[in-house]
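Participant: This structure is in C-alpha cells; I'll ask about it shortly.
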Amino acid sequence: MMDIAYKDALKNSLFGYIAQAAEELQVDTYVIGGFVRDFILQRGKAKDVDIVCVGSGIALAKKVASLLPNNPKVQIFKTYGTAMLRFEDIEVEFVGARRESYTEDSRNPTVEEGTLEDDQNRRDFTINALAISLNKENYGNLLDPFNGLEDLENKIIRTPLNPNITYSDDPLRMMRAIRFASQLGFTIEKKSLNAIKKNAKRLEIITKERIVTELNKILLSPKPSIGLNLLFKTDLLQQILPELTNLQGVEYRNGQGHKDNFYHTLEVVDNIAKMTDNLWLRWTALLHDIGKAPTKRFEQGIGWTFHGHEFKGSKMVYKIFKRLKMPLNDKMKYVQKLVLLSSRPIVIATEVGDSAVRRLVFDAGDDIDDLLTHCEADITTKNPEKFKKYHNNFKIVRQKIKEVEERDHIRNFQPPITGEIIMKTYNLKPCREIGIIKDAIKEAILDGEIANNYEEAFKFMQNKATALGL
Ligand code: CTP
C-alpha cells in the first residue's frame, strides 16, 4: 500500500529523470534522508533532495543534468565527492554511498565507498535513514532497515547505532536531535538522551556557526521551549548560553523569593512564537532578562531588585553575538534596542503623560510595534485578573501611541531645524552651540513644549540662540 503511494508521489519529473540516468549508468540510486522523512510527514514542499547512489555521485549528477530539459549547471565538491544541481527551486545533492569512520577530535570522518546499508548506518537518526528506491526493478520501494517508519509514527528520535557512538562521532547531532524534537514535537529516546548528556562536553569541537544554525531552528520551531528545555537538561545550554542558564533558580531571603527567570524566559519565547515568525524578535524574547542575573540585589525593606538590568542586558547581547560568531549587524542592534527598551511600555500604561509616549516612539522608531509585541509576550502571570489587566494596559499603550503619532509624527522623527539652517541663520562655522540648539529643539518637541513643525521650532531656535548670546 505504502510503496504504491511513494511511487505515485515520485512520478513527478525530477525523479523520473534521475531514475532514467540511474538506469543508463546502471547504478543503484535512492532518494534518502530529510526529503523522505518530510514527505512521509507531509511537511510541505521540499527545498532539498538528497540522492545517494552506489557508485559516483558526481557522474550521476552530470548524467541527470544532461537529461534535464534546461541542462542545469552541476556544482562539484571534489573533496566531499558530492555534486549539486538546481531543479526549479529545489537543490538536488548527489553522493556515492559511503562508510565512515571518525576520530576523537574531529567531526570530519574518513570516508570509504560503501553499500546502501553502510550509508544508512552512518546516518544520524532512524527517521533520517529512510530511503526510497529509484531503480527500475523496485522503483518506489521504501528501504527502512531501522524501523524509521515506526519511529515516525510513534514520534521518536532514535539513532541507528549505539547513541554513544553516533553522538561522539559527530557531536552536532546532539543539537540536531533536540532541534528535530522541537520542530516535530518528537520525543528523544531515553538511551539517546542519556548519551547526549554524557557527550555534552564534546560540543566544543563544533563550530559556533553550526551551533547557531541549530539554535535558530529551535527558536523558529512552534514551541521553542521543548528544545530549550532539552538543551538545558542535557547540559548543552550551559555551554552555549551560560548567561541564560544563570537565570535559573529562585533565591529566598527573609521569606521573599523572586520568579525563576529562566523558566519565565522560556514561557515568553513560547508566547512570542505564537505571535510572530520574526527570528530576531524570538532572540529578543530569549535574551530580554539576561541582565537580571548580574544586577540581582536584595535590598532591605524593598526585596529583590534588578535595577538597570535592561541596560546591562543590552550590553550582554553584543558579547553573546560576538562569542557565538553571529553577525554584529543591524539585527544585533535591533535585539539590543528591544532588550534595552523592554520595560518602557508598561510604564506608559500607568502614567498618563504624552511626553513619555513621544519619547518611547522616538527611541523605538520603526520597531515600536515589535517592542509592544514583545511586551505582550512577556506577560506570564498565572493570575487571570492580572493577565487581563496587563493585556488591557498594552491596548491602552497602543492606542496612546497611535494618537500621539497621528498628531506629532515622532516615528523616524527628523527635527525640522537642521544644523545647516542654524549655521546659515547665525552665520556660524561648525561649533558646539549648533549641537546644543539642535538637541534643545528635539527635547522641546519630545516634551511637547513645542509642536513638531518648522515655525515653532524656528521661534524656539531664536530664543535659545539669544540665551546663548548668539
Ligand atoms: N546527516 C547526518 N548527520 C548530520 C547531518 C546530516 O547523518 N550531522 C544525514 C541525515 O541522514 C540527514 C541528511 O544527512 O537526513 C541530510 O542532512 P541535512 O540536509 O543537514 O538535514 P535534513 O535531515 O535534510 O533536515 P533539514 O533540512 O531540516 O536540516
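Participant: Please give the per residue volume of the convex hull enclosing the alpha carbon atoms of region 419-467, rounded to a whole number of Å³.
Facilitator: Working: hull volume 3.3 nm³, N = 49.
Given the Cα convex hull of region 419-467, per-residue volume reads 67 Å³.
Participant: May I pose another question? How much of the accessible area of the chain, probe 1.4 Å, is carbon plus sulfur, in whole percent? Intermediate values should be presented prior to the final figure.
Facilitator: Working: 11740 of 23570 Å².
After summing per-atom areas, the C and S share lands at 50 percent.
Participant: Note the angle between two axes, namely the Cα long axis of helix 354-364 and the longest principal axis of the Cα atoms of the chain, as a number of degrees from 0 to 90, rounded to the nearest 10.
Facilitator: With both axes taken from Cα atoms, the answer is about 40 degrees.
Participant: Among 61-69, 224-232, how do they line up from the highest to the lowest mean number of other beta-carbon atoms within 10 Å? Show your work: numbers first, answer last.
Facilitator: Values: 61-69: 18.4, 224-232: 22.8.
So the peptides 61-69, 224-232, ranked by packing, come out 224-232, 61-69.
Participant: Give, to the nearest whole percent, the P(r) tail of region 4-152 beyond 19 angstrom, counting all Cα pairs.
Facilitator: Working: 5581 of 11026 pairs.
Within region 4-152, distances greater than 19 Å cover 51 percent of Cα pairs.
Participant: Could you tell me, in Å, what Rg and Dmax come out for the Cα atoms of the chain?
Facilitator: Just the Cα atoms of the chain yield Rg and Dmax of 29.2, 95 Å.
Participant: Between region 354-372 and region 51-78, how many Å separate their Cα centres?
Facilitator: 54
Participant: Here's another thing I want to ask about it. How large is the Kirkwood hydrodynamic radius of region 79-228, in angstrom, based on all distinct alpha carbon pairs?
Facilitator: Numbers: mean 1/r = 0.0601 Å⁻¹.
The Cα-based Kirkwood calculation yields 16.6 Å.
Participant: Of Thr418, Gly16, Leu328, which is farthest towards the positive pole of the chain's charge dipole, taken about the Cα centre with +1 and -1 on the beta-carbons of Lys, Arg and Asp, Glu respectively?
Facilitator: Thr418
Participant: While we're on this one: Rounded to the nearest 20 debye, what is the charge dipole size of the chain about its Cα centre when +1 sits on each Lys and Arg Cβ and -1 on each Asp and Glu Cβ?
Facilitator: On the way: 69 positive and 65 negative charges, 258 e Å.
Computed charge dipole of the chain: roughly 1240 debye.
Participant: I would also like to ask the following. Going toward the positive end of the dipole of the chain, with +1 on Lys and Arg Cβ and -1 on Asp and Glu Cβ, which of Gln26, His309, Gly469 do you reach last?
Facilitator: Final value for the positive-end residue is Gly469.
Participant: Suppose R0 equals 56 Å; then what is the FRET efficiency for His307 and Ser101 from their Cβ-Cβ distance, rounded to the nearest 0.05? List each step's numbers first, then the result.
Facilitator: Values: r = 55 Å, r/R0 = 0.99.
Working from the Cβ atoms, E equals 0.50.
Participant: A follow-up question, please. For n ≥ 4 DSSP H runs only, could you compute -39500 (n - 2.57) per run for the chain, divide by its residues and tell me the 222 nm figure to the nearest 500? If you can, show how the numbers build up before the last one.
Facilitator: On the way: 25 runs with 258 residues, N = 470.
Mean residue ellipticity at 222 nm (helix-derived): -16500 deg cm²/dmol.
Participant: When only alpha-carbon atoms are used, what values of Rg and Dmax, in angstrom, describe region 141-284?
Facilitator: 16.6, 68
Participant: Kindly rank 250-258, 439-447, 318-326, 47-55 from highest to lowest mean number of other beta carbons found within 10 Å of each residue. Don't skip to the end; give the middle numbers.
Facilitator: Values: 250-258: 10.8, 439-447: 17.9, 318-326: 15.0, 47-55: 19.9.
Ranking, from highest mean packing down: 47-55, 439-447, 318-326, 250-258.
Participant: Show Asp270, Asp144 ordered by accessible area, largest first, where the area counts protein heavy atoms only and the probe is 1.4 Å. Write down the numbers at each step before the final one.
Facilitator: Values: Asp270 20, Asp144 45 Å².
The ranking, largest first, comes out as Asp144, Asp270.
Participant: While we're on this one: About the Cα centre of region 303-365, how large is the charge dipole given +1 on each Lys and Arg Cβ and -1 on each Asp and Glu Cβ? Please answer in debye to the nearest 20.
Facilitator: Rounded to the nearest 20 debye, it is 520 debye.
Participant: Can you figure out the FRET efficiency of Asp369 with Thr115, using R₀ = 35 Å and their beta-carbon distance, to the nearest 0.05?
Facilitator: Details: r = 56 Å, r/R0 = 1.59.
Working from the Cβ atoms, E equals 0.05.
Participant: Express as a percent, rounded to the nearest 5, the fraction of DSSP beta bridges in the chain (both residues included) that run antiparallel. Each step should come with its number before you reach the end.
Facilitator: On the way: 26 of 34 bridges.
For the chain, the DSSP antiparallel bridge percentage is about 75.
Participant: On each of the three principal axes of the Cα atoms of region 261-408, give max minus min coordinate, whole Å, ordered largest first.
Facilitator: Cα extents, longest axis first: 43, 41, 28 Å.
Participant: Also, I was wondering about something else. Is there a quick way to get the dipole size of region 374-470? I mean about its Cα centre, with the Cβ of Lys and Arg at +1 and of Asp and Glu at -1; what is the value in debye to the nearest 20? All intermediate terms of the calculation are to be shown ahead of the outcome.
Facilitator: Details: 17 positive and 15 negative charges, 65 e Å.
Using only the charged Cβ atoms, the result is roughly 320 debye.
Participant: Something else about it: What FRET efficiency would be calculated for the residue pair Glu204, Asn70, taking the C-beta separation as r and a Förster radius of 51 Å, to the nearest 0.05?
Facilitator: Values: r = 45 Å, r/R0 = 0.87.
Given R0 = 51 Å and the Cβ-Cβ separation, E is 0.70.
Participant: Next up: Under 17 Å from a point 7 Å along the Cα-to-Cβ line of Glu91: which residues of region 270-294 have their amide N that close?
Facilitator: none
Participant: Same structure again: So what's Rg/Rh here for region 156-240, counting alpha carbon atoms and using the Kirkwood radius for Rh?
Facilitator: Values: Rg = 11.3 Å, Rh = 12.3 Å.
Across region 156-240, the Cα-based Rg/Rh ratio is 0.92.
The values are calculated or read from the model by the stated rules, or taken from the named source; none is laboratory data. Quick caveat, the model's predicted, so the values are computed rather than measured. Cβ sites come from the backbone with ideal geometry, for glycine too, and all protein chains shown count toward neighbours. These area figures cover heavy atoms from the full protein model, side chains too; ligands, DNA and RNA do not enter into them. Shrake-Rupley method; radii C 1.70, N 1.55, O 1.52, S 1.80 Å.
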